[in-house]
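Following: one structure in structure tokens, then a few remarks.
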Amino acid sequence: MDHKRLNTELLPLVAAGDIGARDRMIESNVGLVRDTVRRFLTSRPQFKYLRDDLISEGILGLAEAVRDIAAGAPVQHVAAYLRKAVFNQLDSHVTAHGNTIKTPRMRDAENVRRIEEDDCDPRNHHREVDLADEIMGSCQDDVEREIVRLRIQGYKDVEVAERLRLSTSWINDVRRKMYERFLTRNPEYRRESP
């Protein structure tokens, strides 16, 4: 089934509050996020190093847009509405983090070329799932897993803290510790110091 038709069929169900339809709309539009990130980076190649972050941010934008549809936002063209929400999320992320410099740990130009080729190979899309597994593997208890799960669903730290009845500073501290454990297990993701 093509995405346009599927989105058209899901729209009234999502607007009526069907959680399964909402989840299906998000899942079926992940390709739209990847395409939007690709287009975004075509016009802003200086942010290519943020590709993975932008995909994550795009998925958050997608989830928020679908949540807005469920809350009654008027939508005529679902894909256009979702794409605009994703684009706005990407743009605000780049604006907020545009001065952040992340450099991949590369030894030579051959590795860079191989990684760029790998990014285009659909057989390598399992890496995103592997990354999620690695992040969850860095969790030491159910509270940490719940924090990760809520963040993946698009909740901000303040909202996570409210839902779990914990302080925002505690959530930030736990996320920092989880990030350090993740980097210990996966040093290839560590940023080089300037």
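The values are calculated or read from the model by the stated rules, or taken from the named source; none is laboratory data. The shown structure was predicted, so the numbers you read here are calculated from the model rather than taken from an experiment. Positions of Cβ are generated from backbone atoms using ideal geometry, with glycine treated the same way; all protein chains shown enter the neighbour counts. Accessible surface is based on the protein model in full, side chains and every heavy atom, while ligands, DNA and RNA are left aside. Shrake-Rupley method; radii C 1.70, N 1.55, O 1.52, S 1.80 Å.
Of all residues in the stretch 98-105, none are part of a helix (DSSP H, G or I) and either at pLDDT 50 or above or open to solvent by 60 Å² or more (accessible area, probe 1.4 Å) (or both). Within the stretch 60-69, which residues are in contact (Cβ under 8 Å) with a residue 40 or more places away in the chain and closer than 16 Å to TYR155 by Cα? LEU60, ALA63, GLU64, VAL66, ARG67, listed by residue number. Contact map, the stretch 1-28: first residue small (Gly, Ala, Ser), second residue surrounded by fewer than 16 Cβ atoms within 10 Å (Cβ to Cβ) and in a loop (DSSP other than H, G, I, E, B), Cβ cut-off under 8 Å, separation 6 or more or different chains; pairs are ALA15/GLY72.
Here's the yes/no breakdown for (1) aliphatic (A, V, I, L, M); (2) in a helix (DSSP H, G or I); (3) more than 20 Å from ASP68 (Cα to Cα):
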{"position": "LYS4", "(1), (2), (3)": "no, yes, no"}
{"position": "THR8", "(1), (2), (3)": "no, yes, no"}
{"position": "LEU13", "(1), (2), (3)": "yes, yes, no"}
{"position": "GLY17", "(1), (2), (3)": "no, no, no"}
{"position": "ALA21", "(1), (2), (3)": "yes, yes, no"}
{"position": "ILE26", "(1), (2), (3)": "yes, yes, no"}
{"position": "LEU32", "(1), (2), (3)": "yes, yes, no"}
{"position": "VAL37", "(1), (2), (3)": "yes, yes, yes"}
{"position": "PHE40", "(1), (2), (3)": "no, yes, yes"}
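Filtered by the rule that a residue be surrounded by fewer than 16 Cβ atoms within 10 Å (Cβ to Cβ) and within 25 Å of VAL86 (Cα to Cα), the stretch 139-152 gives GLU146, ARG149, ILE152. Residues in the stretch 57-86 that are surrounded by fewer than 19 Cβ atoms within 10 Å (Cβ to Cβ) and over 17 Å from VAL14 (Cα atoms): LYS84 alone.
Kindly evaluate LEU13 against the criterion of being within 16 Å of SER92 (Cα to Cα) and surrounded by 15 or more Cβ atoms within 10 Å (Cβ to Cβ). No. Criterion first (under 21 Å from LEU150 (Cβ atoms) and either modelled with pLDDT of 90 or more or over 15 Å from the mean Cα position of the chain (by Cα) (or both)) does ARG24 satisfy it? For ARG24, the condition - under 21 Å from LEU150 (Cβ atoms) and either modelled with pLDDT of 90 or more or over 15 Å from the mean Cα position of the chain (by Cα) (or both) - is met.
Within the stretch 135-161, residues that are at positive phi reach no partner that is among the hydrophobic types (A, V, I, L, M, F, W, C) and open to solvent by 60 Å² or more (accessible area, probe 1.4 Å) with beta carbons closer than 7 Å at six or more positions or on different chains.
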